[in-house]
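Worksheet: the structure to be examined is printed underneath.
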Amino acid sequence: MSKKFAVFVEGSTEQEFTIRLLTELAGHYSIEFEIHTQHRGSLNFTELRTNKAPDIHVLVANCCNDEQVKSQIIDQYESLKLAGYSLIVGLRDVYPFNHGDIDALERGMSFGIPVGDIPIHIHLAIMEIEAWFIEEITHFSRIDEDITLDTLVDNGFDHSNKCASELTHPAETLGNIYKCVGKGYSKNKRQVQRTVNALSYEELYINTRQKAPSLSNYIISLEKGLAL
């Protein structure tokens, strides 16, 4: 029987990034993804992306709301325990909260979380998952060769002097950078997939995580889920 763990994420951007990141981290192991989407407080099966005889089974729950990540983990904990899951990971953005709210959000995430057989790791992407994308600056040339370091500086991100996690609204900054070359960035599937596919996962793993501790912590939890 394949190893099983679950990842609860805020939205479709986090879903697609997590699936691609896990695929890269899994290496030669075969992995399948059972995707559920939250609607009116309930998680409903939407898709199975599978390989033959998978070594690892990952339930990816798109909670469609930052507040639902913790709520759905609490609601699903007992059923996941009975189904033999070994780990639960959660991911949500800080935005629209501010940097000054991070400590309170972290305390709130841990309050009321079940303590039992399945470890639970809930992470904040500081300030949004898009900060991780911005920090991986090599991806910009794959989006458009006309995006230069000057383009980033002109739109509020000086890579040599600032971390993307310092930005108040990274998704807006990313959108402004893309807009300079006539590209869009929104939460629609096509644009999300374009960015996710442009990222260098080797660069994220080796270098980007050094400037984005929230990404590094998330990777560490996913690796624990994958450990065989």
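Looking only at region 152-181, residues that are surrounded by 15 or more Cβ atoms within 10 Å (Cβ to Cβ) and within 13 Å of Glu130 (Cα to Cα) come to 15 in all. Evaluation of His36 against the conditions (1) crowded, with 17+ Cβ neighbours inside 10 Å; (2) in contact with a strand residue (DSSP E or B) (Cβ under 8 Å, 6 or more places away or on another chain); (3) in contact (Cβ under 8 Å) with a residue 60 or more places away in the chain shows that the sole unmet condition is (3). Condition first: surrounded by 20 or more Cβ atoms within 10 Å (Cβ to Cβ) and either in contact with a Leu (Cβ under 8 Å, 6 or more places away or on another chain) or in a helix (DSSP H, G or I) (or both). Can you find one or more residues in region 40-55 that meet it? Looking for residues that are surrounded by 20 or more Cβ atoms within 10 Å (Cβ to Cβ) and either in contact with a Leu (Cβ under 8 Å, 6 or more places away or on another chain) or in a helix (DSSP H, G or I) (or both), one finds none in region 40-55, hence no. Restricting region 83-108 to residues that are in a strand (DSSP E or B) and in contact with a Leu (Cβ under 9 Å, 6 or more places away or on another chain), the residue that is farthest from Lys187 (Cα to Cα) is Ile88. Criterion first (out of contact with any strand residue (DSSP E or B) (no Cβ under 7 Å at 6 or more places or on another chain), hydroxyl-bearing (Ser, Thr, Tyr) and under 27 Å from Asp101 (Cα atoms)) does Thr195 satisfy it? When the stated conditions are applied, Thr195 does not pass them. Being out of contact with any Ser or Thr (no Cβ under 7 Å at 6 or more places or on another chain) and at pLDDT below 95 is a property that Tyr85 lacks. Of the residues Glu24, Glu67, which is modelled with pLDDT under 95, part of a helix (DSSP H, G or I) and surrounded by fewer than 20 Cβ atoms within 10 Å (Cβ to Cβ)? Of Glu24, Glu67, the one residue that is modelled with pLDDT under 95, part of a helix (DSSP H, G or I) and surrounded by fewer than 20 Cβ atoms within 10 Å (Cβ to Cβ) is Glu67.
Does Ser110 satisfy the condition of being among the polar types (S, T, N, Q), without any contact (Cβ under 8 Å) to a residue 24 or more places away in the chain and within 30 Å of Asn176 (Cβ to Cβ)? The answer is no for Ser110.
The values are calculated or read from the model by the stated rules, or taken from the named source; none is laboratory data. In this text, all values refer to a predicted model and were calculated from it rather than measured experimentally. Please note: Cβ atoms are built from the backbone with ideal geometry, for glycine as well, and neighbour counts cover all protein chains shown.
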